[in-house]
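A.B. asks: Questions regarding the structure given below will be posed in turn.
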Amino acid sequence: MFYLFLAYSTIWAAIAAYIAILGRRQKELKKELNELKQWCSEDYFQVR
Amino acid sequence: MISVIRDALIIAGKDIVSELKSKQTVGMMVIFSILVIMIFSFAFDPVDRIIRNVIPGLIWVITIFSGILGLNRSFVSEFENSCLSGLRLAPVDPVSIYLGKAAANFIFVSIVQLFSVPLLFILFDYKLKGSFIWLLAIIFVGTFGFIIIGTFLAGLAANAKNSEMLLPLLLLPLLSPLVIAAVQATRVVIENESFGEAISWIRLMAGYDLLFTAVCILLFEYILEDT
Amino acid sequence: MRLCSKYIDKALFYVLVIFFPIILYLVFVWSPIEKVMGPAQKIFYFHVGCAWVAFLAFFIVGIYSVWSLIRPNINSFITAGVSAEIGVLFTSIALVTGMIWGKTSWNTWWSWEPRLVTTGILWFIYVAYLFIRKMDGPWQKISKLSSVFGIVGCLNVPIVFMATRWWNTKLHPIVFGEGKNETGGGLDPEMLLTLVFSLLTITLLYVFLMRKGVEIERMRMVVKNCKNEIMNKLTIRED
Amino acid sequence: MLEIKNLTKVISRRPIIKNVSLTLNDGEIMAVLGPNGAGKSTLFKCVAGLLKPTNGEIMIDGKKLKTGSVSAKKRIGFLGHDSFLYSNMTPVENLMFYGKLYRVNDLENKIERLLKETGLFLFKDVPVGSFSKGMVQKLAIARVLLPEPEILLLDEPHSGLDQSAVLFLNRYILDRKKTGKSVLFISHDLNAVYGLADRAVVLKNGKIVEASGEGGWENLDRLKTWYEQAVAG
């Protein structure tokens, strides 16, 4: 019984950890994208 | 076809000539393999009979670890002065570059084995019970497969900055079936007079060699190609 | 098209939300307890599922590797990478559960059993593949190198399995039967149903993670391109 | 005849060469000029076959050049920034190696002649690794000239050369012109361009901004003002 719970808790922990990593990556990228959008909209880059 | 082999021989010849001048790579490989034997005899008491069980494996440990040293050099040296670009510009099929490099590496590793394997037998006072020819055949087939896949991955890893660390990482997992087969076959031939059991292992190694020779020849041009 | 894929994502998510309690119920309550091995046998359902997805993910890496050599494009490059990453996750799970399984049934954490060894080698190949993808350079180059390695690695896996099986039977023949699972005998219909259901669920989880991962990696590409564009503009201004 | 048609090369989303078209007739010497980072070297690498163009075509004698085709590689000689020489081997060994790969006939005599002409004959048994930059450049030129390619692509051939070697190279190039073979070269040295080239193009930011007419220039100052205007404009 102990091993059964050990096994299933590792499975859930691993999957949850991976989903958490994915979520964090997405959040970071979204933030970066927003920053970039602000940068791009400034006319500093538009003027040639 | 003939020109591919001719070019491969020219390239292999170049590698061998430049190795003959410096003798650095092969020399270091030989010394390294002897050191590995030393370390192993410290790790396992040589007086104990247990050591005899690891000798078939030891042959392949020496081959692979000292071989990796040489494989690392074989493509990294081509990146100096962008010589690889020079080869790619020459009217040469990429396959010849691969085969030439592989042939040179095979010769280097064979030279190392020529020194280290007899030394292994002498140092541990080990006697070959089986047939010598079959042992040679097994070493040939196993080393061939090792060089085929090793040269290929050395070319691949050479693109990275940390190639000398990347190569073993790429190579060892792919070598695992070859190592299993080679060690088992060697054990059978060394310890028994009959080599019947070794044949299926040799067949596995031969299959591995053929498959990966074909695949590596097919795929090598992608490794060389710049974007 | 975009809208459609959003709906697929949502549908997958809800299906998974519904499926997970069901599969847990099936595994822990509904399926019978195996006589010889006791409740620990229930590890088997997820262990097999994860191992199956691990090999499936690697197979998909192989297919996309071939495809991106024939026709280099960024999408197959991204898909192969994400599949490899998820593959590492499921290979790790399969390995750990396999070890726990081994502890319960053979009382050793690791046995040199062909399936376990093959999964272990697979894990190393995956990790090496991800290391190649971490190399710096334009994506076209990385795509070529990693694809080449993906193909070679993919071909290697069945050979590893074959070699370890022969090796194993030589060492201690017929310790475990060649049956579908190591429990020896066949499966009860309830067990089979639970197994099939858990396979389905984990495969769906894989598909879901794939879609999410691909979406994120695409976003990363967009960010990278955006940055490059800004750099281009800056360098032109400097001239 | 070498034709470059609408060549575009993009490296990690950054266009290095934009829609460049060029025609190099037989027996013509053309100079490619331009500021640093204009994409000159990349253009040469594309033509030589080291880089795959993103778009566009390269044709030799009206036939499309496929990257990696063995017969085409034999007709092009490329001198790059790097020497492509093995530093632990001697000049003779290096040249022998490349000569064999290019299937050069009468190899030994040719190597001897080239080494004498470039003034490296005394050092023929010294490993290239101990050479100075100028000597390496001479040997690299010898390597390119050895198989007598029909089209020469020289990326800054005069850099690091002493006066006699420059004279040798210029004389060689002009000799070859008479036999109807063509040369494309990059140079920052307008003197050399004035002395050698029939035509010149100016590359800037990956585009050809100016191309001179045939027949060269009346004098060096004309060329200088023409180049400065092209770069500024």
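The values are calculated or read from the model by the stated rules, or taken from the named source; none is laboratory data. Worth saying up front: this structure is predicted, and the values here are computed from it rather than measured. Don't worry about glycine lacking a Cβ; one is built from the backbone with ideal geometry, like all the others, and counts go over all protein chains shown. SASA here: full protein model, heavy atoms, side chains in, ligands and nucleic acids out. Shrake-Rupley method; radii C 1.70, N 1.55, O 1.52, S 1.80 Å.
A.B. asks: Output the residue which, of all residues in the stretch C:186-199 that are part of a helix (DSSP H, G or I) and surrounded by 14 or more Cβ atoms within 10 Å (Cβ to Cβ), is modelled with the lowest pLDDT.
C.D. replies: So the residue we want is C:M191.
A.B. asks: What number of residues within the stretch D:114-141 are in a helix (DSSP H, G or I) and within 13 Å of another protein chain (Cβ to nearest Cβ)?
C.D. replies: So the count comes out to 7.
A.B. asks: Which members of the stretch C:118-138 meet the condition of being more than 8 Å from chain B (Cβ to nearest Cβ) and surrounded by 18 or more Cβ atoms within 10 Å (Cβ to Cβ)? First the steps, then the outcome.
C.D. replies: Of the residues in the stretch C:118-138, the ones more than 8 Å from chain B (Cβ to nearest Cβ) are C:118-120, C:122-123, C:126, C:129-130, C:133-134.
Matches in the stretch C:118-138: C:T118, C:T119, C:G120, C:L122, C:W123, C:Y126, C:Y129, C:R133.
A.B. asks: Separate question: Checking the structure you have, find out if any residue of the stretch B:47-69 is closer than 28 Å to D:D82 by Cβ and within 22 Å of the chain's Cα centre (by Cα).
C.D. replies: Yes, some residue in the stretch B:47-69 is closer than 28 Å to D:D82 by Cβ and within 22 Å of the chain's Cα centre (by Cα).
A.B. asks: Among the residues of the stretch D:29-42, is there at least one that is open to solvent by less than 70 Å² (accessible area, probe 1.4 Å), among the small types (G, A, S), in a strand (DSSP E or B) and within 23 Å of D:H81 (Cα to Cα)? Don't jump to the end; show me each part of the working.
C.D. replies: Restricting attention to the stretch D:29-42, the residues satisfying the condition of being open to solvent by less than 70 Å² (accessible area, probe 1.4 Å) are D:29-35, D:38-42.
With among the small types (G, A, S) added as a condition, the list becomes D:31, D:34, D:38-39, D:41.
From the residues that got through so far, the ones that are in a strand (DSSP E or B) too are D:31.
From what's left, within 23 Å of D:H81 (Cα to Cα): D:31.
Scanning the stretch D:29-42 turns up at least one residue that is open to solvent by less than 70 Å² (accessible area, probe 1.4 Å), among the small types (G, A, S), in a strand (DSSP E or B) and within 23 Å of D:H81 (Cα to Cα).
A.B. asks: Out of the residues in the stretch B:28-55 that are of a type in the set (G, A, S) and surrounded by 13 or more Cβ atoms within 10 Å (Cβ to Cβ), state the one that is nearest to the other protein chains (Cβ to nearest Cβ).
C.D. replies: That would be B:S33.
A.B. asks: Consider C:F149 against the criteria (1) facing another protein chain (nearest Cβ under 8 Å); (2) aromatic (F, W, Y); (3) open to solvent by 50 Å² or more (accessible area, probe 1.4 Å): it satisfies all of them except one. Which criterion is unmet?
C.D. replies: Of (1) facing another protein chain (nearest Cβ under 8 Å); (2) aromatic (F, W, Y); (3) open to solvent by 50 Å² or more (accessible area, probe 1.4 Å), only one is false for C:F149: (3).
A.B. asks: Among the listed residues C:S68, C:S76, which satisfies the condition of being open to solvent by less than 10 Å² (accessible area, probe 1.4 Å), away from chain B (no Cβ under 14 Å) and either more than 20 Å from A:Y8 (Cα to Cα) or hydroxyl-bearing (S, T, Y) (or both)? Give the derivation first.
C.D. replies: Working: C:S68 fails: away from chain B (no Cβ under 14 Å).
Only one candidate qualifies: C:S76.
A.B. asks: Determine if the stretch B:205-216 includes at least one residue that is under 20 Å from C:L155 (Cα atoms), hydroxyl-bearing (S, T, Y) and buried (at least 24 other Cβ atoms within 10 Å of the Cβ).
C.D. replies: Scanning the stretch B:205-216, I find at least one residue that is under 20 Å from C:L155 (Cα atoms), hydroxyl-bearing (S, T, Y) and buried (at least 24 other Cβ atoms within 10 Å of the Cβ), so the answer is yes.
A.B. asks: A follow-up question, please. Check the stretch B:136-148 and report whether any residue there is open to solvent by 30 Å² or more (accessible area, probe 1.4 Å) and either more than 15 Å from the chain's Cα centre (by Cα) or free of Cβ contacts under 8 Å to residues at least 60 places away in the same chain (or both).
C.D. replies: yes
A.B. asks: Here are B:L114, B:L119, B:L128, B:L166: which of them is surrounded by fewer than 16 Cβ atoms within 10 Å (Cβ to Cβ) and free of Cβ contacts under 8 Å to residues at least 12 places away in the same chain?
C.D. replies: B:L114
A.B. asks: When you check D:A165 against the structure, is it crowded, with 20+ Cβ neighbours inside 10 Å and farther than 28 Å from D:D61 by Cα, yes or no?
C.D. replies: yes
A.B. asks: Additional query: Scan the stretch D:113-123 and tell me whether some residue there is surrounded by fewer than 20 Cβ atoms within 10 Å (Cβ to Cβ) and closer than 23 Å to B:I11 by Cβ.
C.D. replies: The answer is no, given that none of the residues of the stretch D:113-123 is surrounded by fewer than 20 Cβ atoms within 10 Å (Cβ to Cβ) and closer than 23 Å to B:I11 by Cβ.
A.B. asks: If only one of D:N109, D:N88 is open to solvent by 10 Å² or more (accessible area, probe 1.4 Å) and either more than 12 Å from every other protein chain (Cβ to nearest Cβ) or among the aliphatic types (A, V, I, L, M) (or both), which one is it?
C.D. replies: That would be D:N109, the only listed residue that is open to solvent by 10 Å² or more (accessible area, probe 1.4 Å) and either more than 12 Å from every other protein chain (Cβ to nearest Cβ) or among the aliphatic types (A, V, I, L, M) (or both).
A.B. asks: Enumerate the pairs (first residue in the stretch B:1-18 and closer than 20 Å to D:V70 by Cα; second residue anywhere and open to solvent by 60 Å² or more (accessible area, probe 1.4 Å) and basic (K, R)) with beta-carbon separation below 6 Å, excluding pairs fewer than 6 apart on the same chain, so at least 6 apart or on different chains.
C.D. replies: Taking only residues 6 or more apart or on different chains, the pairs are B:I10/D:K100.
A.B. asks: Looking only at the stretch B:169-200, which residues are open to solvent by less than 10 Å² (accessible area, probe 1.4 Å) and in contact (Cβ under 8 Å) with a residue 40 or more places away in the chain?
C.D. replies: Passing the criteria: B:L171, B:L175, B:A182, B:A185, B:T186, B:V189, B:I190, B:A198.
A.B. asks: Between B:G155, B:G100, B:G70, which is without any contact (Cβ under 8 Å) to a residue 60 or more places away in the chain, surrounded by 18 or more Cβ atoms within 10 Å (Cβ to Cβ) and farther than 17 Å from B:A185 by Cβ? I'd like the intermediate steps shown before the answer.
C.D. replies: Details: B:G155 fails: without any contact (Cβ under 8 Å) to a residue 60 or more places away in the chain; B:G100 fails: without any contact (Cβ under 8 Å) to a residue 60 or more places away in the chain.
Answer to the check: B:G70.
A.B. asks: So, one more: Among the residues of the stretch D:10-28, count how many are outside any loop (DSSP other than H, G, I, E, B) and without any contact (Cβ under 8 Å) to a residue 60 or more places away in the chain.
C.D. replies: Residues flagged as outside any loop (DSSP other than H, G, I, E, B) and without any contact (Cβ under 8 Å) to a residue 60 or more places away in the chain within the stretch D:10-28 amount to 4.
Residue-by-condition table, conditions (1) within 30 Å of D:G39 (Cβ to Cβ); (2) without any contact (Cβ under 8 Å) to a residue 24 or more places away in the chain:
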| residue | (1), (2) |
| --- | --- |
| D:S71 | yes, yes |
| D:S83 | yes, no |
| D:S87 | yes, no |
| D:E93 | no, yes |
| D:K110 | no, no |
| D:L114 | no, no |
| D:E117 | no, no |
| D:L120 | no, no |
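A.B. asks: Next question, about the same structure. Inspect all residues belonging to the stretch B:168-179 and state whether any of them is in contact with a Pro (Cβ under 6 Å, 6 or more places away or on another chain), part of a helix (DSSP H, G or I) and polar (S, T, N, Q).
C.D. replies: Checked the stretch B:168-179: no residue is in contact with a Pro (Cβ under 6 Å, 6 or more places away or on another chain), part of a helix (DSSP H, G or I) and polar (S, T, N, Q).
A.B. asks: Right, here's the next one. Considering only residues of the stretch C:1-23 that are aliphatic (A, V, I, L, M) and out of contact with any helix residue (DSSP H, G or I) (no Cβ under 9 Å at 6 or more places or on another chain), which is surrounded by the fewest Cβ atoms within 10 Å (Cβ to Cβ)?
C.D. replies: C:M1
A.B. asks: Test each condition in (1) crowded, with 21+ Cβ neighbours inside 10 Å; (2) more than 7 Å from chain B (Cβ to nearest Cβ); (3) among the charged types (D, E, K, R) for D:K73 and report the one that comes out false.
C.D. replies: (2)
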